[in-house]
1. Among the numbered criteria (1) touching a Lys or Arg at 6+ places or on another chain (Cβ under 9 Å); (2) under 30 Å from B:Arg611 (Cα atoms), which one does A:Thr40 miss?
2. Pairs only if they're at least six apart or on different chains, beta carbon under 7 angstrom, first in the range B:565-578 and within 11 Å of another protein chain (Cβ to nearest Cβ), second of a type in the set (Phe, Trp, Tyr); list them, first residue then second.
3. Assess whether A:Val47 counts as being modelled with pLDDT of 80 or more, out of contact with any Gly (no Cβ under 9 Å at 6 or more places or on another chain), under 30 Å from B:Leu352 (Cβ atoms) and β-branched (Val, Ile, Thr).
4. Among residues belonging to the range B:589-611 that are surrounded by 19 or more Cβ atoms within 10 Å (Cβ to Cβ) and either under 31 Å from the mean Cα position of the chain (by Cα) or outside any strand (DSSP E or B) (or both), point out the one that is farthest from the other protein chains (Cβ to nearest Cβ).
5. Answer yes if at least one residue in the range B:187-204 is farther than 10 Å from B:Ala278 by Cβ, in a helix (DSSP H, G or I), small (Gly, Ala, Ser) and free of Cβ contacts under 8 Å to residues at least 60 places away in the same chain, and no otherwise.
6. Within the range B:413-442, track down each residue that is touching a Lys or Arg at 6+ places or on another chain (Cβ under 9 Å) and on the phi < 0 side of the Ramachandran plot.
7. With (1) in a helix (DSSP H, G or I); (2) among the polar types (S, T, N, Q); (3) modelled with pLDDT under 95 as the list, and B:Thr218 as the residue in question, which single condition is left unmet?
8. If a residue must be hydroxyl-bearing (Ser, Thr, Tyr) and either out of contact with any Phe, Trp or Tyr (no Cβ under 7 Å at 6 or more places or on another chain) or not in a helix (DSSP H, G or I) (or both), how many such residues does the range B:20-50 contain?
Amino acid sequence: MTRKTNRLLWIGTIGCVLAVAVGLTLFALQSGISFAMSPTELRAADVKPGQRIRLFGLVEEGSVVRGEGLQVGFTLSDNENKVKVSFNNILPDLFRENQGIITEGSLGADGNFVADTVLAKHDENYMPADMAEKLKEKGVWKGEGAENL
Amino acid sequence: MIVELGHMALLIAFSLSVFQSIVPMWGARTNAPNLMATADVSSIAILGFVTLSFGALMWAYATSDFSVVNVWQNSHSQMPFIYKLSGTWGNHEGSMLLWVFILALFAAAVGVFGKNLPKTMRANVLGVQGWLLTTFLFFIVLTSNPFARQTPVVEGQDLNPILQDIGLAIHPPMLYIGYVGFSITFAFSIAALIEGRIDSAWARWVRPWAMAAWIFLTAGIAMGSYWAYYELGWGGWWFWDPVENASFLPWLSGTALLHSALVMEKRDSLKIWTVLLAIVTFSLSLLGTFLVRSGVLTSVHTFASDPTRGLFILAILSAFVGGALFLFAFRASRLEQGGLFAPISREGALVLNNVLLSTSAATVLVGTLFPVVYEAITGAKISVGAPFFNLTFGALMIPLVLVLPFGPLLGWKRGDIVGVSQRLMFALFAAVIVIILAYGFLERGPWIAPLMMGISAWLIVGAFAELLQRSGLPKVGLKTGFARLTGLKRSIWATAIAHAGVGVTMLGIVFVTAYETESVAILKQGESATAAGYEITFEQYQTRSVNNFSEELVQLTISKDGNVVRTGAPSKRFYPARQTPTSEALINTFGFSQLYIALGEVKTDNSVVLRIWWKPMITLIWLGSILMVLAGGLSLTDRRARIGSPKLSKNRKLGTASVG
């Protein structure tokens, strides 16, 4: 085998692997990503019921209602708009009122958000960065970790 | 006073690294031996001063000196002593100091162990290490000084409770040794590019360093995975979290580097590629540091951080990566091409390994950075989840593991695919048996799972084919066979064990992904729930208060067929200083499987909510990693013999005699 055919063979192999990888990546990016929004962005955007998104915001004070079994409802707010969220599983340790959290799920037919995942980050000062900015703009920012953001 | 000395030592170390960045390299250019030799002294002096500085910070933590801002923010007088010590690097400033400490350690190691390196090469390598030291020391001094003082306070704000675990004492140092260890291969590459000269001796030099870094990185990642698994209480062992990916990326390219350096060492081929991989691997380590330290991506690992630091690290990243790649583009053509080889050969298999590992690293990189880029362009926030990575990474791993057992059996230059396939028949046979058994005995689960188990078996059994071949077993009889096996080069054993380790990890992943069960139980005292044939009974609710936290425990008994087999208590802790709760899961190991029980909450009617997982064969995931680490260590012990004299030992002759 000459150097040239050898090289062609390798270029072909590498080309194939890369093509498969690029194809897979594009395919997976279509289905594997979800948008993250605040309640205001959710109201503004045209999100259909059933479409998976991430919704982040502050758990409004006094909004947490526990129901039968593990059923729990709460309101997420970005101080402009609010969205009611229902969840039927164990809440993370760091879930509490006035805490910035991220939920994953989709809108129900009634316009309320049905979450299947709730994430509260393992930093007690954690808050989605642009939410902190929004709260600062409005002058309602009073987080203890303000200087860290 | 000690704290001020630590600060002073840091500044001295910085000045010395500026010196080391310039003088030895100048010496190498002008061929001045005395200038080049300064690096040997300065690298050790820098290590001394950085150690002093790191020791001073540790001392401040050990004695709970809350007049130091950093200690006050991240420690508590009531913490167990070990957490006080490990708390030194449980924060941004301290962890950067640890980073630099390890960097200095590696630089000094090159100075000490590199006596037989060509003089100019050593000076250039240490010079590049000097650049790295200078930049990171500058970064610490300017933006992340851990020694800042304040008016003394009585009590500290406590360490993030999630970090109050033995995992913090082990995981970050291991990971950092891995990350920073690749700085040596980076420095060697830059030195080679500067000199425009590279040969197989270079690869013989680089491979042990890359191997050492890889061992620690592997151990660090596995340890981190197990830590997240037992500490976070979500029962997951890998989340494709951006920061996990950041540590996984250099692992993938580092693994590729180990294999390509092998080709370079043995066959003097793939030089340019190996140099590029060495640069890429350390660049990915830097990227990992940037992602974790900058707060660009939010994850479990990001300490609260300010944007100036992020920008600074981004500047460091661009300078080193950009500079290295620029140098590479200009000088790589000077490096000579190596020997020819047929596509079906040991080299060919190693190239394929590199193609697949690099491509999979690229897809993980795309998935990790996509949200950042997407947000910068469109302003919309997105997240890339596990399905993306499972699909892209998984699909690329399958061809890799399928061809893996062939690699070590193929000859250099030109391999005999028919002969090798015959030698692997027994591995194929084992795989088919496993697939049939799995379809027969495991009822639930996806159809693909038994197939994947078969592939794992193919890997594990196939990994030992080379050993079998070289020993001549079973033809030559047991006695000769075993004599040959024990006489084999350790690196051959290491290859077999590492590759089997991949199979073991894969088997664990397949089992736990396909057959794990999860259930939620709400129990009153005396009630039971069942999971995977075990009966879990809620015996008693207790509370207690320990040092810096209070704890709610739910005493459980676990029984099988009416007999109590284990007792224990999952718990919830509350750390008042940080107003933070954590969960401590109850994990019981049965064979290779685990029963994982996390306490959800205690409801107002005194019932408790438990989340119960059955994790079949999950420990194999980490046992496989341990095998890889042990194999790495074994191959390192083989190195000295090979760097030293080329003389073959009697046993080795015996071992290699049967080849061909």
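1. Failed condition: (2).
2. Cβ pairs passing all conditions: B:Arg573/B:Phe549; B:Phe574/B:Phe549; B:Tyr575/B:Phe549.
3. Values: modelled with pLDDT of 80 or more: yes; out of contact with any Gly (no Cβ under 9 Å at 6 or more places or on another chain): yes; under 30 Å from B:Leu352 (Cβ atoms): no; β-branched (Val, Ile, Thr): yes.
Judged against the criteria, A:Val47 is not a match.
4. By that ranking, first place goes to B:Ser593.
5. yes
6. So the first thing to find is which residues in the range B:413-442 are touching a Lys or Arg at 6+ places or on another chain (Cβ under 9 Å), and the list is B:413, B:415.
Selection gives B:Gly415 alone.
7. With respect to (1) in a helix (DSSP H, G or I); (2) among the polar types (S, T, N, Q); (3) modelled with pLDDT under 95, B:Thr218 is out only on (3).
8. Going through the range B:20-50, the residues hydroxyl-bearing (Ser, Thr, Tyr) turn out to be B:21, B:30, B:38, B:42-43.
Imposing the further condition that a residue be either out of contact with any Phe, Trp or Tyr (no Cβ under 7 Å at 6 or more places or on another chain) or not in a helix (DSSP H, G or I) (or both) reduces the set to B:30, B:38, B:43.
Number satisfying all stated conditions: 3.
The values are calculated or read from the model by the stated rules, or taken from the named source; none is laboratory data. As the structure is a computational prediction, the values presented were derived from the model and not from experiment. Cβ coordinates were reconstructed from backbone atoms using ideal geometry, including for glycine residues, and neighbour counts include every protein chain displayed.
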